[in-house]
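Take a look at the structure below.
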Amino acid sequence: MRRLWYRSGGAPRVGDVTTTTRPSRTRPRLRTRTRPRTAPAQALGSPGLFTVLLGAALPLVDFFIVNVALPSIGRDLGAGEALLELFVAGYGLAYAVLLVLGGRLGDLFGRRRLFLTGLVAFSVTSLLCGLAPSAWALVAARVAQGAAAALLLPQVLATLHSSTTGARRARAMGLYGATTGLAFVSGQILGGLLVAADVAGLGWRAVFLVNVPAVLLVLPLALRTVPETRAAAPAPLDVRGTVLLALALVSLLAPLTEGRAAGWPLWTWGALAAFPLLAAAFWRTERRTELRGGTPLVPPSLLRLTPLRRGLVLVLPLSGGFGGFILVIAVALQQGLELGPVAAGAALAPMALAFFAASLAGPRLVARWGTRVIPAGAVVQAAGLGMLAWTAAHSWPDVTPWALAPGMAVAGVGQGLQLPVLFRVVLAEVPADRAGVGSGVMVTTQQSALALGVATLGSLFLTLAADGSMGTALATTLLIQLALSLLTALYALRLPRATG
């Protein structure tokens, strides 16, 4: 028989133990000597952490997995360069535009529920991509797949932030950062392996269809191990803010990702001109909504948090440079050195392994040095980029993956010391009931930066390569990224020393 006692003290009475009716307001209520009611619902164990990280890897891998499959897709579906760009840009646009909304929906309806919904939607849209009969059907399916990813990914960070504390949160955020970097790099490797293997004669379709069994693995694990969390006082959706944010991001990202392939038509310049106007309208709307006591999509008060504001500034060059690097190195290896998809993917393996090792060491380094790990990582990354640029400038085209391996490994260590710690910094002071919108803002910034990096550094590299040596074009692009890394190191010194 359980021990029973009163909030107000005193000995239990027989009637109090055996009654099955609801106690009156004047009678003391009984409690059992158990854990607080909220603890089991909010605790994220190791199986749950593994599950949400596995779910997070799916949309991250898919951002880059298609890169190595583009030549095969173009031949099979008769797609030109502009359509090939849309296969990548359609996914990235839908993903970036809807991420903040996905985070808010998780706060409102429950993050576990949206995580499961996003998994199912991602599986269905991946199946549609794999079965697409035409190029435009694949574009539509990729846009839908990006929207599904936007439902899924914000729930991961929000769940980690709201259901862990202290050392467990530090470990979880470190593993999330490691998962992010590995997913981006392994997307290239996995894509190359799947295309080369030509599983069951599927060719490029396998890079999408592989998501279906992966989701079938994650779903039952999520049902059993991921706790449900949501905002304590969920607010209604900010429809006006959502529309304005979507329009602003589309006006910026669409022309930058499609402009070069389309020849920079008039609509691209019109969209770019509209971006600052739409961004200003969005910000005014959000400020007005918050001042009136409403709940905007992106509360301006969140940006008063110093770690979040300064951390987001660092996300831009870090993620933008990384996105551009992955695209540029893939093109240089496959078209410049004429490596196959497997060999081109394998050339990135030293970066992936070094990134993972540095990510695991990060929490111990942060415990001693705080956020100074970030500028140190930026300097290390700059050194790796310098090694790669020197190799490209002096040895092209007689460059082998072995010659690139040292620079790849050093750059991977630098990235691994920055990204996981930066995630912790950005969310350090975000309240648990705003975890969804906070993670949505951060991942939107990261995704937009990736798209900007692909568009700007990618366009610069392709333009330089068309006018001269691809080795010189690669070295020049890497040196620009090196400069961004050094600027990141300087600005990172302004971060609060503690990570929260």
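For the reader, a short list of remarks on this structure follows.
- Translational diffusion coefficient (Stokes-Einstein; Kirkwood radius from C-alpha pairs) of region 232-318 at 20 °C, 1.002 mPa s, in µm²/s: 146 µm²/s
- Solvent-accessible area of residue 198 with every protein chain in place, 1.4 Å probe, in Å² to the nearest 10: 70 Å²
- The charge dipole of the chain, taken about its Cα centre with unit charges on the Cβ of Lys, Arg, Asp and Glu (plus for the first two, minus for the last two), comes to roughly 3720 debye.
- Viscosity 1.002 mPa s, temperature 20 °C, Stokes-Einstein D of region 460-500 from Kirkwood C-alpha radius, µm²/s: 178 µm²/s
- Calculated P(r) of region 343-447 - Cα pairs past 17 Å, %: 60 percent
- Positive contributions from Lys and Arg (+1) and negative ones from Asp and Glu (-1), summed over other residues with Cβ under 13 Å from the Cβ of residue 222, come out at +3.
- Cβ-placed point charges (K, R +1; D, E -1), dipole of region 184-324 about Cα centre in debye, nearest 20: 520 debye
- Ranked order, 161, 394 - accessible area, probe 1.4 Å, largest first: 394, 161
- Note on residue 313 and residue 369: their simple-model spin labels are 2.2 nm apart, each label 7 Å out from Cα toward Cβ.
- Solvent-accessible area per residue for region 248-289 (1.4 angstrom probe, square angstrom): 50 Å²
- Between the beta carbons of residue 301 and residue 239, assuming R0 = 22 Å, the FRET efficiency works out to 0.65 to the nearest 0.05.
- With the whole protein complex present, residue 290 retains an accessible surface near 40 Å², based on a 1.4 Å probe.
- Share of alpha-carbon pairs per 10 Å distance bin for region 332-403, given as whole %: 17, 39, 27, 15, 2
- Inter-probe distance in nm under a simple model that places probes 7 Å from Cα toward Cβ, at residue 75 and residue 469: 3.0 nm
- Based on DSSP H segments of at least four residues, each scored -39500 (n - 2.57), the chain has a per-residue ellipticity at 222 nm of -26000 deg cm²/dmol.
- Ordering 192, 464, 175 by Cα displacement along the dipole of the chain toward the positive end leaves 175 in first place; charges were set at the Cβ atoms of Lys, Arg (+1) and Asp, Glu (-1).
- The order of 269, 264, 396, 369 by accessible area, most exposed first and with a 1.4 Å probe, is 269, 369, 264, 396.
- Taking label positions 7 Å along the Cα-Cβ direction at both residue 394 and residue 165, the computed distance is 5.5 nm, reported to one decimal.
- Calculated on C-alpha atoms, the gyration radius of region 259-393 divided by its Kirkwood radius gives an Rg/Rh of 1.08.
- Listed by number, the DSSP H helices of the chain that run 27 Å or longer by alpha-carbon position along their axis and have mean Kyte hydropathy of at least 0.5 are 46-65, 81-109, 111-130, 135-163, 166-197, 239-262, 306-331, 349-369, 373-395, 401-427, 435-467, 470-492.
- The chain, relative contact order in percent, only Cα pairs under 8 angstrom and at least six apart counted: 21 percent
- Considered as an equivalent ellipsoid built on the Cα gyration tensor, region 89-226 has semi-axes of 27, 18, 14 Å, the largest given first.
- Residue-normalised accessible area of region 142-215, given per residue in Å² at a 1.4 Å probe: 28 Å²
The values are calculated or read from the model by the stated rules, or taken from the named source; none is laboratory data. All values derive from a computational prediction rather than experimental measurement. So basically every Cβ, Gly included, is an ideal-geometry build from the backbone, and we count neighbours across all protein chains shown. When the accessible area is computed, the model is the full protein with side chains, heavy atoms only, and any ligands, DNA or RNA have been set aside. Shrake-Rupley method; radii C 1.70, N 1.55, O 1.52, S 1.80 Å.
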